[in-house]
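Student: One structure is given below, represented as structure tokens, and several questions about it will come after.
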Amino acid sequence: MKKTLPILFFSALLLLFVFSPVFAQSAGPTPSDDEVNAVAKQLFCPVCENTPLDVCPTQACAQWRDLIRLKLTEGWTEDQIKQYFVDQYGARVLSAPPLEGFSWFIYIIPPIFLAAGVYIVFRAFRAMRKPVNAAVQETPVQTPSDDYLRRVEEELKQRK
Amino acid sequence: MLADFGYGVLVVTFLVSLFAILAAILGQAKKSQKWVESSRLAMLLTFPLTTLISLTLIYLLVTNDYNIAFVYEVTSRAMPTYLKVTALWGGQAGSLLFWSWLLSAFMTAVTLRKWDRDREFLPWVVLVASVTLAFFLALNVFYENPFTRFWQTFSGVQPATFRPAGAMPFTPADGNGLNPLLRHPGMIIHPPMLYLGFVSFVIPFAFAIAALVTGRTDDRWIRITRRWTLWAWLFLSLGLVLGGRWAYDVLGWGGYWGWDPVEIAAFMPWLAGTAFLHSVMMQEKRGLLKHWNMILIILTYALVIFGTFLTRSGVLSSVHSFAQSAIGPAFFIFIGVTFVVSIALLLWRWPSLKSESQMTSMLSREALFLLNNLLFMGILVICFWGVIFPLISELVTGAKVTVGPPFYERATGPLFAALVFLMGVAPLSAWGHSTLKTLGKAIFKPLLAAFLVMVAVVIYFFVNPRLVNEYLPYALIGLFVTISTGFVTLYEFWRASQARARAQNENVFLALWWLAGRNRRRYGGYTIHLGVVLMAMGIIGIEMFQTETQGTIAKDETMSLAGYTMTFKELQDFDLNDASGQPMQNVARAVVEVYKDGKMLGELYPRRDYFYDAQQPMTIPGVRSTLQDDFYVLLVDWQPISSVGATFKIYHNPLVNWLWFGSFIFILGTFIAAWPDQDPELAPVRARKNSPAAYLTGD
């Protein structure tokens, strides 16, 4: 009996170890629609142009969502599911290109252009001259006097 | 046969536009006013001719002539007459014709203006506008004939312009019907507005090219086209807003903007046009950036054609479908040729486009406008690159990629925030020179008010912790920038109207009315800024605080989201018939009750319509709208036989109605700015920039 208990214990542990993933995959709780949509909204169907999977009304996309639900039930993580779809259909199913290979250019080019623009504006600023009579041109933030307003109105009347 | 008549007039119109081009060139080459006048009259003639073509096609659409392939593709007997009319722009061939019709209308309006002071521009304006018109008419004549007919041949039914040997006309009993998504009121108005925006930008471009060719590179061309540009911008803005509203009402994903390439195609000319609208002021007031303004209008025109190319060539589906499409390469060549010629002209005139003065302060209004242009161009580059990258990737690697909302939102978000910030600061700075001290003095009070509001906002989030999410820090920064800009703009209105009210001893509102009337451009601009502020608040609300849930519930069961509770009461399933009693569409409509804090707010009717003719569904949400939020319910799925349960998707969209309200203010502001002055030809702006009136009128 002394030997039986440890054997039973370890057998039970082994069984648990061996079958636990299967158990988790086959008997996990059914994921809610929200859990499915949380993954689906990060994916795009290759057939329905530019429509995220969570809102695409086609039958094909409904089947994809069912597949996501199945994978979640089997215990797959979000990243694993995304990778599964990438393996099956290519990187176009992702909502943004992955940071690898040629796709690096999508992330590099805009900052280069922006930096070039900043440099051009910076050069324009550096080439500035001091104002000849700054005081005269600062009027827009001054409070106009009554006399000043009278002149304004006179000018406005002339412009009618 | 009416179709032959329509095609005949189409060919004649194409020839007339070619004649206008030829006459303009001859008039210039021979220095002959007769030829120039002849080109003007030819351009004038294109409008009645394109009107005749369009009315012919509309007649065929309305009378169900399914012998015409285009009529068959976009209409059906079950469609109401008004939808048959709007089906004109529901398909490729018709929308290209509609483009030409609108362009010829604008060209006619240009020919009718007084040319006394700008006679030298006339032949070149006619030339540029007619080249554009001829190109679009050529697409209809050679590739996308809207009058193509069905013919019964030995090998089957085939569409052709001319009767194949031994063929008989073939007329299907009914048509395909318009895509259900295009039957929404927003979609009926959205394309014409967008097209109006597109075609009206051709006019300032034509004047810019005329200025380059004639060497009259002062700001005359800008002053002539100022209002054209504003109207173009107004139409384009209206088109974009209506498109957003249509997406919100019909596409069934709870949003208004999905960074779809087709949306971006329309957004890019708007970005370039907005930069242009700001930049031209620097040339008008200070004689600066003449090169840049030319570049911007050339870019805007190129993007208008590029936008049409993107949506019409099939290139967005795949580069291969572009190569197979008949009009894709034609568009590509046209964009390339017009862009290269325009840039060549610009380089030729480069020396004569030197600035008349120099910037003198980093805080001057022109310096801030320069930054504004940098930001607009930054957003434009991101959009352009994001749209064409999948095509380049497909060409280079053979594999397509998707560039979706996450890329655009992360890349453009900070730039938009900086733009809103600049929008607040720039109106306070002076042309020529400003200092930190003067700016600080002007901005202090609005900033203080914004700070106090933000304290209240933070307290609101503190007492409502369920609203807190990972975006909150960004949202708070965005709200602070937006609210500050709003207060600055309101303060500007207040300061000027107060000064006038005191001086004239009149009501503040009356004073504001007079001031706005005297300088529509300035106060129209401020109103536009206010609209943008409201829109930005709506965007922050929906983009950063939108929540959603989806679930399947039986009758009398409930779903909850963001404090709202929804009870499913009933599912109705019925057909809608046309006038002849034939079933037109099937409607599955859920009846749900919405409660908040135990109080019933009302019933909503989310539905899914299935159109028998087009064999396509359309999802129409049930929406409860308040200024605070939208409770937006979609019917995703249901059990039609037992009607025991249905799947709903619910979105809670905070502040989204500020976006629509802001859009209305935005459009109103553009109307104010674009409305013609009583006498727009008064003294040059720069001559009176230092006058006292400049302060209150903003010149």
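The values are calculated or read from the model by the stated rules, or taken from the named source; none is laboratory data. Source: prediction; values computed, not measured. Reconstructed Cβ throughout: ideal geometry from the backbone, glycine too, with neighbour counts over all protein chains shown. Accessible surface areas use protein heavy atoms only, side chains included; no ligands, DNA or RNA. Shrake-Rupley method; radii C 1.70, N 1.55, O 1.52, S 1.80 Å.
Student: Right, B:Ser361: open to solvent by 20 Å² or more (accessible area, probe 1.4 Å) and either in contact (Cβ under 8 Å) with a residue 24 or more places away in the chain or assigned by TED's automatic domain parsing to the domain that holds B:Leu415 (or both) or not?
Tutor: It is false that B:Ser361 is open to solvent by 20 Å² or more (accessible area, probe 1.4 Å) and either in contact (Cβ under 8 Å) with a residue 24 or more places away in the chain or assigned by TED's automatic domain parsing to the domain that holds B:Leu415 (or both).
Student: Checking the conditions here, which among B:Phe332, B:Phe322 is over 23 Å from A:Arg92 (Cα atoms) and either buried (at least 18 other Cβ atoms within 10 Å of the Cβ) or modelled with pLDDT under 95 (or both)?
Tutor: From the options B:Phe332, B:Phe322, the qualifying one is B:Phe332.
Student: If I filter region A:120-138 for residues that are at pLDDT 50 or above, farther than 30 Å from B:Arg502 by Cβ, among the charged types (D, E, K, R) and surrounded by 16 or more Cβ atoms within 10 Å (Cβ to Cβ), do I get at least one hit?
Tutor: Checking region A:120-138: not a single residue is at pLDDT 50 or above, farther than 30 Å from B:Arg502 by Cβ, among the charged types (D, E, K, R) and surrounded by 16 or more Cβ atoms within 10 Å (Cβ to Cβ).
Student: What do you reckon, is B:Thr214 under 30 Å from B:Trp350 (Cβ atoms) and of a type outside the set (Gly, Ala, Ser)?
Tutor: yes
Student: Does region B:52-60 contain at least one residue that is farther than 30 Å from B:Trp124 by Cβ, at pLDDT 95 or above and in contact with a Pro (Cβ under 6 Å, 6 or more places away or on another chain)?
Tutor: yes
Student: Let me ask something else. Within the bounds of region B:539-553, is there any residue that is open to solvent by less than 40 Å² (accessible area, probe 1.4 Å) and of a type in the set (Asp, Glu)?
Tutor: Scanning region B:539-553 turns up no residue that is open to solvent by less than 40 Å² (accessible area, probe 1.4 Å) and of a type in the set (Asp, Glu).
Student: So, one more: Could you list, in sequence order, all residues of region B:382-413 that are at the interface with chain A (Cβ under 9 Å from one of its Cβ atoms), free of Cβ contacts under 8 Å to residues at least 12 places away in the same chain and open to solvent by 10 Å² or more (accessible area, probe 1.4 Å)?
Tutor: B:Trp385, B:Ile392, B:Val396, B:Thr397, B:Ala399, B:Pro406, B:Arg410
Student: Then there's this: So which of B:Leu55, B:Leu45 is in contact (Cβ under 8 Å) with a residue 12 or more places away in the chain and not basic (Lys, Arg)?
Tutor: After applying the criteria, what remains is B:Leu45.
Student: Moving on. Sort through B:Gly531, B:Gly538, B:Gly581 and tell me the only one that's more than 30 Å from A:Val39 (Cα to Cα) and touching a helix residue (DSSP H, G or I) at 6+ places or on another chain (Cβ under 6 Å).
Tutor: On inspection, the qualifying residue turns out to be B:Gly531.
Student: Just to be sure before I move on: is B:Asp597 charged (D, E, K, R) and open to solvent by less than 70 Å² (accessible area, probe 1.4 Å) in the structure I sent?
Tutor: no
Student: Let me ask something else. I'm checking my understanding of the structure. Among residues of region B:51-92 that are out of contact with any Asp or Glu (no Cβ under 6 Å at 6 or more places or on another chain), polar (S, T, N, Q) and part of a helix (DSSP H, G or I), which one is surrounded by the fewest Cβ atoms within 10 Å (Cβ to Cβ)?
Tutor: B:Thr81
Student: Among B:Val488, B:Val533, which is open to solvent by less than 20 Å² (accessible area, probe 1.4 Å), part of a helix (DSSP H, G or I), within 14 Å of another protein chain (Cβ to nearest Cβ) and of a type in the set (Val, Ile, Thr)?
Tutor: Exactly one residue qualifies, and that residue is B:Val488.
Student: Between a residue in region B:545-574 that is over 20 Å from A:Asp54 (Cβ atoms) and any residue that is in a strand (DSSP E or B) and open to solvent by 70 Å² or more (accessible area, probe 1.4 Å), which pairs come within a Cβ distance under 6 Å, given they are 6 or more apart or on different chains?
Tutor: B:Thr565/B:Thr558; B:Thr567/B:Thr558
Student: Something else: Would you confirm, using the coordinates I've provided, whether B:Val157 is hydrophobic (A, V, I, L, M, F, W, C) and in a helix (DSSP H, G or I)?
Tutor: Answer is no for this residue.
Student: Now for a different question. Do we have any residue at all in region B:3-13 that's open to solvent by 10 Å² or more (accessible area, probe 1.4 Å) and not in a helix (DSSP H, G or I)?
Tutor: Looking for residues that are open to solvent by 10 Å² or more (accessible area, probe 1.4 Å) and not in a helix (DSSP H, G or I), one finds none in region B:3-13, hence no.
Student: Would you tally the residues in region A:61-118 being part of a helix (DSSP H, G or I), in contact with a helix residue (DSSP H, G or I) (Cβ under 6 Å, 6 or more places away or on another chain) and open to solvent by 50 Å² or more (accessible area, probe 1.4 Å)?
Tutor: Total meeting the criteria: 5.
Student: Scan B:Ala674, B:Ala646 and give me the residue that is at pLDDT below 95, of a type in the set (Gly, Ala, Ser) and more than 30 Å from B:Tyr595 (Cβ to Cβ).
Tutor: B:Ala674
Student: Residues that are part of a loop (DSSP other than H, G, I, E, B), in contact with a Phe, Trp or Tyr (Cβ under 7 Å, 6 or more places away or on another chain) and surrounded by 15 or more Cβ atoms within 10 Å (Cβ to Cβ): does region B:614-622 have at least one?
Tutor: yes
Student: Turning to a different aspect of this structure: Check region B:438-446 and report whether any residue there is within 26 Å of B:Val488 (Cα to Cα), assigned to a helix (DSSP H, G or I) and hydroxyl-bearing (Ser, Thr, Tyr).
Tutor: Within region B:438-446, one or more residues are within 26 Å of B:Val488 (Cα to Cα), assigned to a helix (DSSP H, G or I) and hydroxyl-bearing (Ser, Thr, Tyr).
Student: Another question, then. What's the number of the only condition in (1) of a type in the set (A, V, I, L, M, F, W, C); (2) outside any loop (DSSP other than H, G, I, E, B); (3) at pLDDT below 85 that A:Val47 fails to meet?
Tutor: Condition not satisfied by A:Val47: (2).
Student: How about region B:559-570: which of its residues are open to solvent by 20 Å² or more (accessible area, probe 1.4 Å) and closer than 17 Å to B:Arg589 by Cα?
Tutor: B:Lys569, B:Glu570
Student: With the structure loaded, tell me whether B:Val587 is assigned to a strand (DSSP E or B), open to solvent by less than 60 Å² (accessible area, probe 1.4 Å) and more than 20 Å from B:Gly255 (Cα to Cα) or whether it fails that test.
Tutor: Yes.
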